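Structure first, then comments.
The values are calculated or read from the model by the stated rules, or taken from the named source; none is laboratory data. Keep in mind that what you see is a predicted model, and the values were worked out from it rather than measured. Counting neighbours? That spans all protein chains shown, and the Cβs are built from the backbone with ideal geometry, glycine included.
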Amino acid sequence: MGAELEVRLTATGASLVRGGEAWVQEMGIAFPYAGEERSSFTGGFELVDARPVSGRDGDGEYSGYALIYSAGEADPIVSLTVRAYPEQGKTVIDAEALTELVGIRTADSFLYTTFNAPILRLREGEVLLYTWGLSDAGGEWPHAVYGKSLDSIPSDRSFSPLVLVADGKAMVISPGSHYPVSPLRAGPEPGMISRGVHGAIDRVPQGTVVSTVIAAGDDPFSTLLRWGDGIRAGRPRPTPLVHPVLSRLGYWNDYGAYYSELLHPIDEEVLIALGDYFREEEIPIGYFGLDLWYPHDRVGFAKAYRADERRFPSGLGRIKSRTGIPFFLHLSGFDPENEYQDGYRFQEGDGAACPQEGRFYSDLGHRLTEEEGAIGVWHDHIRVYQERIPALRASLTAGEEWFKTMTEGLGKNGLPLMLSDPTVGFLLTAAHTEAVVSSRSGDDYLVKQPGQLAQLDPAAAARYEYVPPQRFIIDRFLVGWLLYSLGMFPFHDVFITNPDHPDGFDEPDAESEALMRALSAGPIGIGDKLGEVDKGIIDRLVFPDGVLAKPDRPARPVWDPLARDLVVGVTESGDGAWIYVVVFNIGDAPQEYRLADIPTQGRMIYSHAQGAVVAEMRGTLPPAGGDYYVLAPVRSGIAFIGFVDKYITAPSDRILEVESTTAG
């Protein structure tokens, strides 16, 4: 775990040296002050003192410097305290306002940040970053971006974290506090990144400390996992079967499902018919993931969280009693003209409102559990709160306080949460709560489906554009690993199981879609039309008792293949006895591969595609194509693959161990 980390002084700040190489070559500060744009690099701020610091705290033994900056002859205004923890492979940079900073606003933007402290000049290397989710271009899902040099860092998107890789080593950089308003961004000069706060923030009180964390390691994705451990302050991650939303197969009606709001809105009659169909066909559905079940005039803005009586006249509780299937319920933002305004305090914004009381969410959670048959909630449109309500982005603390109020209030009722459409800032905040067990890994499944897109009405068609499958593959593995690093299981959205599904809903990649979800260790949801579920796909995902066949954790990506337009993921079960390896071509041309760097000693290689034992993992893949292998343990010359009819052939809850005996 240890890394040779050392903080060294420079002319204008400090560098962070690892193994004799300056990974952070220089650091400093920049933001508006006294009516002027100022920087410790180009002028206006000056390093006036640098004091050694050392000691031991809860993170271990550290050493470094406290850098003191002033603006000309004024008193010191900002300190950067840089502490390196070599044994932990960790560095913390605390930026403290030594006086009240006012008038520092730049723009209402996550891209034009203020109180940029620190700014880091980096060494050259490969990069992986995760786009923030809100930018001057509008909202989007956080996406993974890989590049072969610092020039790959986008200038039109903020992001976090950044993974820098060089010479077989890695460094992860991210905010360490004030997460909802603290992105990273490129600049102000080539080779630099800035860790600031949202540009609408105009005041930083004296004594405020804004933190940045850096984790150093060898393998990039192992380093990302350890970085996540630090963000989570050592709290254990949930296990893959801890809740029915994780352990059972769901039936969903969100965008991409047959019964989505956009194309075939679901109602009580359909839900009851689906329940009968699942029971008669022995399809073990454990819950309904129910989208947009409440009154609303605009998608994303609820009027109230009660069953829409026009579609569900009996109420969800009675439907649950009739079908025996509970609900995982969709939540969204609020319409300003909602039914709760008289009983609870709300913060209003641009066509949206936000509850300000934990009492609201605890009351809501109780009612959803008691009256609507809920076993959990998936909170969609998380970023819309910040996008529509200025107070949640123009304050250092308001966004974080709302999010904690929401998760704690719902969590009091034992309702686990899944996040949908978040920013990275809210994902980082979620790492500090036990209530959030999952998050969506990327775009709506809808935008991968040309047949569905072709059926949208003109207004909806203008909002949704086709996204190639390669983009989904990248995010499912790379964003999926970020989510797991932060303590959440990725949800890759609903999918269609049937390659011959009628009405333009066919899914030719049904096997790959199912496989990626099996390897996620997260929730799995299907969305086929009544009578059209491919039971063969279901059988490969679920045991007859309804429990999903899962690995011990999501597939961890492998770094080097990314440069060759390949995504390789590896996971395991049985305490590492069984290893599962998948490879996808994310390029636009056929691609050969040979996975010689994954250890196979003491194991037999089983090719899922061929249904046979093979000598090595190699082949040629079309664009977006994939191959899948099970590395099974060999005992006394016998390889035990497990349940060959499942993608995950030896789940840890089914096969505890394999022993060789004198009889073989």
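Filtered by the rule that a residue be outside any loop (DSSP other than H, G, I, E, B) and out of contact with any Lys or Arg (no Cβ under 9 Å at 6 or more places or on another chain), the stretch 537-546 gives Ile537, Ile538. Note on the stretch 227-264: residues that are more than 20 Å from the chain's Cα centre (by Cα), surrounded by fewer than 18 Cβ atoms within 10 Å (Cβ to Cβ) and among the polar types (S, T, N, Q) total 0.
Inspection of the stretch 476-491 identifies at least one residue that is of a type in the set (S, T, N, Q), crowded, with 24+ Cβ neighbours inside 10 Å and either under 25 Å from Leu129 (Cα atoms) or under 26 Å from the mean Cα position of the chain (by Cα) (or both). Where residues in the stretch 433-456 are small (Gly, Ala, Ser) and over 24 Å from His243 (Cα atoms), which of them is surrounded by the most Cβ atoms within 10 Å (Cβ to Cβ)? Among those residues, the one meeting the criterion is Gly451. The condition (being of a type outside the set (S, T, N, Q) and either surrounded by fewer than 21 Cβ atoms within 10 Å (Cβ to Cβ) or not assigned by TED's automatic domain parsing to the domain that holds Glu189 (or both)) is satisfied by just one residue among Ala107, Ala84, Ala117: Ala107.
When the stretch 280-314 is examined, which residues are found to be surrounded by 14 or more Cβ atoms within 10 Å (Cβ to Cβ), among the basic types (Lys, Arg) and out of contact with any strand residue (DSSP E or B) (no Cβ under 9 Å at 6 or more places or on another chain)? Across the stretch 280-314, the qualifying residues are Arg306, Arg311. Here Leu396 clears all of (1) over 24 Å from Ile173 (Cα atoms); (2) hydrophobic (A, V, I, L, M, F, W, C); (3) touching a residue at least 24 places away in the same chain (Cβ under 8 Å) except the condition numbered (1). The set of residues in the stretch 75-89 being of a type in the set (S, T, N, Q) and within 28 Å of the chain's Cα centre (by Cα) consists of Gln88 alone. Among the candidates Gly60, Gly64, Gly55, the residue that is small (Gly, Ala, Ser), at pLDDT 95 or above and touching a strand residue (DSSP E or B) at 6+ places or on another chain (Cβ under 6 Å) is uniquely Gly64. Being in contact with a Lys or Arg (Cβ under 8 Å, 6 or more places away or on another chain) and surrounded by 21 or more Cβ atoms within 10 Å (Cβ to Cβ) is a description that does not apply to Gly139.
Among the residues of the stretch 161-192, those that are assigned to a loop (DSSP other than H, G, I, E, B) and at negative phi comprise Gly176, Ser177, Ser182, Pro183, Pro188, Glu189, Pro190.
Of all the criteria given as (1) touching a Phe, Trp or Tyr at 6+ places or on another chain (Cβ under 7 Å); (2) aromatic (Phe, Trp, Tyr); (3) surrounded by fewer than 24 Cβ atoms within 10 Å (Cβ to Cβ), the one not satisfied by Tyr112 is (1). Among the candidates Thr212, Thr223, the residue that is touching a Ser or Thr at 6+ places or on another chain (Cβ under 8 Å), touching a residue at least 12 places away in the same chain (Cβ under 8 Å) and either assigned to a loop (DSSP other than H, G, I, E, B) or of a type in the set (Val, Ile, Thr) (or both) is uniquely Thr212.
Restricting the stretch 353-376 to residues that are at pLDDT 95 or above and in a loop (DSSP other than H, G, I, E, B) leaves a set whose member that is farthest from Val245 (Cα to Cα) is Glu372. The one condition from (1) of a type in the set (Val, Ile, Thr); (2) part of a loop (DSSP other than H, G, I, E, B); (3) under 16 Å from Gly64 (Cα atoms) that Thr91 does not meet is (2).
If the condition is being under 25 Å from Pro205 (Cβ atoms), in contact with an Asp or Glu (Cβ under 9 Å, 6 or more places away or on another chain) and of a type in the set (Gly, Ala, Ser), then the stretch 65-92 contributes Ala66, Ser70, Ala71, Gly72, Ser79. Evaluated against (1) more than 30 Å from Arg359 (Cβ to Cβ); (2) surrounded by fewer than 20 Cβ atoms within 10 Å (Cβ to Cβ), Leu271 falls short on exactly one condition, (2). In this entry, Ala200 is excluded by the filter for residues that are within 20 Å of the chain's Cα centre (by Cα), under 30 Å from Ile104 (Cβ atoms) and not acidic (Asp, Glu). Beta carbons closer than 9 Å, at least 6 apart along the sequence or on distinct chains, pair a first residue in the stretch 187-203 that is within 18 Å of Ser160 (Cβ to Cβ) and free of Cβ contacts under 8 Å to residues at least 40 places away in the same chain with a second that is of a type in the set (S, T, N, Q) and surrounded by fewer than 17 Cβ atoms within 10 Å (Cβ to Cβ) for Gly187/Ser155.
Residues that are assigned by TED's automatic domain parsing to the domain that holds Val384 and in contact with a Leu (Cβ under 8 Å, 6 or more places away or on another chain), at least 2 per element: which strands (runs of 3 or more DSSP E) completely within the stretch 246-317 meet that?
Here the list reads 249-252, 285-290.
Right, Val197: in contact with a helix residue (DSSP H, G or I) (Cβ under 6 Å, 6 or more places away or on another chain), surrounded by 20 or more Cβ atoms within 10 Å (Cβ to Cβ), closer than 20 Å to Gly89 by Cβ and hydrophobic (A, V, I, L, M, F, W, C) or not? Explain how you work it out, then say what you get.
On the way: in contact with a helix residue (DSSP H, G or I) (Cβ under 6 Å, 6 or more places away or on another chain): yes; surrounded by 20 or more Cβ atoms within 10 Å (Cβ to Cβ): yes; closer than 20 Å to Gly89 by Cβ: no; hydrophobic (A, V, I, L, M, F, W, C): yes.
In short, no.
Among the residues making up the stretch 129-164, those that are under 21 Å from Arg476 (Cα atoms), aliphatic (A, V, I, L, M) and in contact with an Asp or Glu (Cβ under 9 Å, 6 or more places away or on another chain) are Leu134, Ala144, Val163, Leu164. With respect to the conditions (1) of a type in the set (Gly, Ala, Ser); (2) surrounded by fewer than 24 Cβ atoms within 10 Å (Cβ to Cβ); (3) within 30 Å of Arg237 (Cα to Cα), Ala430 lacks only one, and its number is (2). Looking only at the stretch 522-536, filter to residues that are in a loop (DSSP other than H, G, I, E, B) and over 22 Å from the mean Cα position of the chain (by Cα); which one of those is nearest to Val245 (Cα to Cα)? The extreme case among them is Gly527. Within the stretch 174-183, does at least one residue satisfy the condition of being without any contact (Cβ under 8 Å) to a residue 12 or more places away in the chain and not hydroxyl-bearing (Ser, Thr, Tyr)? No, the stretch 174-183 contains no residue that is without any contact (Cβ under 8 Å) to a residue 12 or more places away in the chain and not hydroxyl-bearing (Ser, Thr, Tyr).
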